Amino acid sequence: MKVGFIGLGNMGQPMAANLLKAGHELTVYNRTAAKAQSLVDQGARLAKTPADACKGDAVFTMLADDGALEKVAFGESGVLSSLNKGAIHISASTISVGLSEKLTGEHTRYGQQFVSAPVFGRPEAAAAAKLFVVAAGQGAAIDKCAPLFEVIGQKTFHFGENPRSANLVKLSGNFLIASTIESLSEAMALVAKGGLDQREYLDFLTSTLFAAPVYKTYGGLIVEKKYQPAGFVAPLGLKDVRLALAAGEELRVPLPLASLIRDRFLRLLAEGGEELDWSAISRFAAKDAGLRG
């Protein structure tokens, strides 16, 4: 397929590389053009504007937040004004439910198709094409995108024909990951204060009832205090928890734990943790327990 890719950050870069390796004709755009150079060296075409990346069958956007996506989608020479009729905008970004609804309506008005397809997995999973894709959109559009999803991920989950559903799943999932980080942090602080070895404790957890990758990945980061380089920076963690809270408010679903975690992120950023991995909120459970180091 002839595919565009807009947004070459920690996740977008390896996702685009896998599309290129699979033989798709790829055009890439990034606000900082230097980040596209490695893909250009591998055969991708460099777009000078977002519009230049919208001339094919589909265009991916993988951007940090609502503001960045709105600028690319609705701005001058943006996706909406440049995408061919019938072509597909695949939003892989973690965005608000409200923006997903707005994009759905506008693409329909322009005679285009919109698929929301956020992904679960850190940069290393993206590089290994082991992401989990959560997709929602019209069935025919999802079918057209299937070969692309197969290239970037290990499995695709289809959550119906309303794109906003995929965004709600993504936000709820990221809220669960942040909750896991917080609960693991508190449990680690508890056993450490009791004189136990955290590494042995983590091995016990992940060898028994808590063998899921999220416990292994974030448990390891917490034990090693490995918060840099960040796979997912703390400001994005705060953004996602805020979006989950906004979705909860819209649907009248209280999320008290999300409010606590939001405050953890606010404290981390207040203390200068802008460049740290979002798992760095774990340090506060240790500090609250009086643990040093």
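The values are calculated or read from the model by the stated rules, or taken from the named source; none is laboratory data. Please read these numbers as outputs of a predicted model, since none were measured by experiment. Quick reminder, even Gly has a Cβ in these numbers, built from the backbone with ideal geometry, and neighbours come from all protein chains shown.
Provide a single number: the residues in segment 22-36 that are surrounded by fewer than 20 Cβ atoms within 10 Å (Cβ to Cβ) and either touching a strand residue (DSSP E or B) at 6+ places or on another chain (Cβ under 8 Å) or in contact (Cβ under 8 Å) with a residue 60 or more places away in the chain (or both).
Number satisfying all stated conditions: 3.
Inspect segment 172-184 for any residue being in contact (Cβ under 8 Å) with a residue 40 or more places away in the chain, within 18 Å of Asp65 (Cβ to Cβ), in the same structural domain as Asp277 (by TED's automatic domain parsing) and in contact with a strand residue (DSSP E or B) (Cβ under 7 Å, 6 or more places away or on another chain) and give the result as yes or no.
Within segment 172-184, one or more residues are in contact (Cβ under 8 Å) with a residue 40 or more places away in the chain, within 18 Å of Asp65 (Cβ to Cβ), in the same structural domain as Asp277 (by TED's automatic domain parsing) and in contact with a strand residue (DSSP E or B) (Cβ under 7 Å, 6 or more places away or on another chain).
Quick one: in segment 66-101, which of the residues that are surrounded by fewer than 18 Cβ atoms within 10 Å (Cβ to Cβ) and charged (D, E, K, R) is nearest to Asn174 (Cα to Cα)?
Glu101
Please work out which one of (1) in contact (Cβ under 8 Å) with a residue 40 or more places away in the chain; (2) in contact with a Leu (Cβ under 9 Å, 6 or more places away or on another chain) is the condition Ala47 fails and give its number.
Among (1) in contact (Cβ under 8 Å) with a residue 40 or more places away in the chain; (2) in contact with a Leu (Cβ under 9 Å, 6 or more places away or on another chain), Ala47 violates only (2).
Scanning segment 81-106 for residues that are hydrophobic (A, V, I, L, M, F, W, C) and part of a helix (DSSP H, G or I), which turns out farthest from the chain's Cα centre (by Cα)?
Leu103
Taking the criterion of being closer than 17 Å to Thr217 by Cβ and polar (S, T, N, Q), would at least one residue in segment 160-173 satisfy it?
Taking every residue of segment 160-173 in turn, none turns out to be closer than 17 Å to Thr217 by Cβ and polar (S, T, N, Q).
The conditions are (1) farther than 25 Å from Leu238 by Cα; (2) in contact with a strand residue (DSSP E or B) (Cβ under 9 Å, 6 or more places away or on another chain); (3) in a helix (DSSP H, G or I), and Val191 fails exactly one of them. Which is it?
The one condition Val191 does not meet is (2).
Being buried (at least 20 other Cβ atoms within 10 Å of the Cβ) and under 30 Å from Asp263 (Cα atoms) narrows it down to one of Leu168, Leu190, so name that one.
Leu168
Output the residues belonging to segment 212-247 that are farther than 23 Å from Ala68 by Cα and surrounded by 14 or more Cβ atoms within 10 Å (Cβ to Cβ).
Val214, Tyr215, Lys216, Thr217, Tyr218, Gly219, Gly220, Leu221, Ile222, Val223, Lys226, Tyr227
Of all residues in segment 142-165 being farther than 17 Å from His24 by Cβ and of a type in the set (A, V, I, L, M, F, W, C), which is surrounded by the most Cβ atoms within 10 Å (Cβ to Cβ)?
For segment 142-165, the residue satisfying everything is Ile142.
Would you check if Val223 is farther than 28 Å from Leu243 by Cβ, without any contact (Cβ under 8 Å) to a residue 12 or more places away in the chain, part of a helix (DSSP H, G or I) and not hydroxyl-bearing (Ser, Thr, Tyr)?
No; evaluated as a whole, the condition is false for this residue.
Being in a helix (DSSP H, G or I) and polar (S, T, N, Q) is the filter here; which residues of segment 147-167 pass it?
Ser165, Asn167
Can you tell which of Arg199, Arg283, Arg264 is charged (D, E, K, R), closer than 14 Å to Ser179 by Cα and part of a helix (DSSP H, G or I)?
Result: Arg264 is the single residue among Arg199, Arg283, Arg264 that is charged (D, E, K, R), closer than 14 Å to Ser179 by Cα and part of a helix (DSSP H, G or I).
Might you check whether a residue that is assigned to a helix (DSSP H, G or I), over 12 Å from the mean Cα position of the chain (by Cα) and farther than 19 Å from Leu63 by Cβ occurs anywhere in segment 107-120?
yes
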